[in-house]
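Asks: Okay, handing you the structure first.
Just so you know, all these numbers are worked out from the coordinates, no wet-lab data involved. Note that the coordinates shown come from a computational prediction; the quantities given were computed from them, not determined experimentally. Cβ placement follows ideal geometry from the backbone for every residue including glycine, while neighbour counts extend to all protein chains displayed.
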Amino acid sequence: MRIELESEGKCRMWRNLKPLACSAFAAVLMLQPAFASDRTISANVIDYFQPGSKATKFGKAEFIGGIELVSSDGSLGGWSALRLRPDQKHFVGVLDTGDWITGAIVRDTAGKLSTLSDVRISPILDKRGRVGNERWRVDSESVALRRGQVLVGFERAYRIDAYPDPGFETARPVGSLDMLINKKQLEANKSTETVVVAPASGPLKGSPVTIMEDSLNKDGNFLAAVLEGPRKGIFYVKKKSAYAVTDGAFLPNGDLLILERRFGLTMGIGMRMRRIKADTIKPGATVDGDVVLEADSGYQIDNMEGLEAFAAPDGSTHVLVVSDDNFSLLQRTLMLEFRLLQ
């Protein structure tokens, strides 16, 4: 979800243009083919998750390190989701401005996050092969990888589109997935925040799974769905307190880890991770899980929106989380890494 801190009348990438010039420029963009731009990224290393403390263990996770990311032209904001390639270095992500972000994670000699390299940002094309300029149509909030495809969830014009992989950066979608959930139940700016692909060897047999950010059933729980396979159907995720679901990732052992966020003037900011047993996910079920980590404004967090998990070389499970700075000078784009302890 984009937390609007700017006027909707501004161009999504060209915020310094006057309104008439902005509209004219957007019209030209609609006729242009996709483009990709390299970005120079600088990073400030975050050594401690809790300022003023050298503690590394928090709940059932251990903080490994983090970075605060800044782009030379201010275009890095709006980071909503990322997925790692098998080399655990290169990534594919989406910005909620309707753009792809790709690049590589750079680590220092100790293996901790250092910066990003080869960062490229390019517009996500619509089914006509055009660049969209209406924010409600291009609010890309989730991404997932499966063999031969990149899946992207759009939050306001409710849909999950499939793009060819390789070639997604310059391609139109090859189709859309049936979300199963009745769109009349979805709330604007609170829908397809999570799309993740289950392990082929687990009970969900490689199916895409989606969880709505804060669209709820009659019992007040998050709407979700397994979109294919033997357990295809709608299920629900237990809503607890003021948190909303912003992303998820299947762990190497098959469990589903979800990222939750609270963000508001009265409630402050918060981040929470919950671990859900994959075998409990089935049509009609309401699933819940243990809290792995919870943090508030006393920790190095921001508007945390993206999560990815992977098996590290030593066999442990690591988790990356990224934040959306809403293009605000008061917020930060963060990438944090944790090791799960259980």
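Asks: Rounded to the nearest 20 debye, what is the charge dipole size of the chain about its Cα centre when +1 sits on each Lys and Arg Cβ and -1 on each Asp and Glu Cβ?
Replies: About 720 debye.
Asks: Per-residue counts of other Cβ atoms within 10 Å, averaged by peptide: what ranking do you get for 88-94, 329-335, 318-324, highest first?
Replies: On the way: 88-94: 19.7, 329-335: 17.3, 318-324: 24.6.
Order by mean packing, descending: 318-324, 88-94, 329-335.
Asks: Per q in 0.09, 0.13, 0.14 1/Å, what log10 I(q)/I(0) does a Debye calculation on the alpha-carbon atoms of the chain return?
Replies: Taking Cα atoms of the chain as identical point scatterers yields -0.44, -0.96, -1.13.
Asks: Which whole-number percent gives the relative contact order of the chain, counting Cα pairs below 8 Å spaced six or more residues apart?
Replies: Computed value for the chain: 16 percent relative contact order.
Asks: Sort segment 227-339 into rounded, prolate or oblate with this rule: let a ≥ b ≥ c be the square roots of the eigenvalues of the Cα gyration tensor; rounded if a/c is under 1.5, and if a/c is not under 1.5, prolate when a/b is larger than b/c, oblate otherwise.
Replies: Here segment 227-339 falls in the oblate category.
Asks: Right, something else. For segment 280-342 and segment 155-230, what is the separation of their Cα centres, given in Å?
Replies: Their Cα centres are 19 Å away from one another.
Asks: Calculated from DSSP H runs of 4 or more alone, at -39500 (n - 2.57) each and per residue, what is the 222 nm mean residue ellipticity of the chain, nearest 500? Intermediate values should be presented prior to the final figure.
Replies: Working: 2 runs with 15 residues, N = 342.
Theoretical 222 nm ellipticity from helices: -1000 deg cm²/dmol.
Asks: Which whole-number percent gives the relative contact order of segment 174-243, counting Cα pairs below 8 Å spaced six or more residues apart?
Replies: The value is 27 percent.
Asks: Also: Kindly flag which residue pairs out of 183/218; 183/238; 112/277; 89/238; 60/238 have an alpha-carbon separation exceeding 24 Å in this structure.
Replies: The answer is 112/277; 89/238.
Asks: Could you sort the peptides 194-207, 262-275, 45-58 by per-residue average Cβ neighbour count (10 Å cutoff), highest mean leading?
Replies: Going from most to least packed, we get 194-207, 262-275, 45-58.
Asks: Going by a ≥ b ≥ c, the root eigenvalues of the Cα gyration tensor, does segment 165-238 fall in the rounded group (a/c under 1.5), the prolate group (a/b larger than b/c) or the oblate group?
Replies: Oblate shape, in that a/c is at least 1.5 and b/c is the bigger or equal ratio.
Asks: Could you order the peptides 234-240, 120-126 from most to least packed, using the average number of other C-beta atoms within 10 Å per residue?
Replies: 120-126, 234-240
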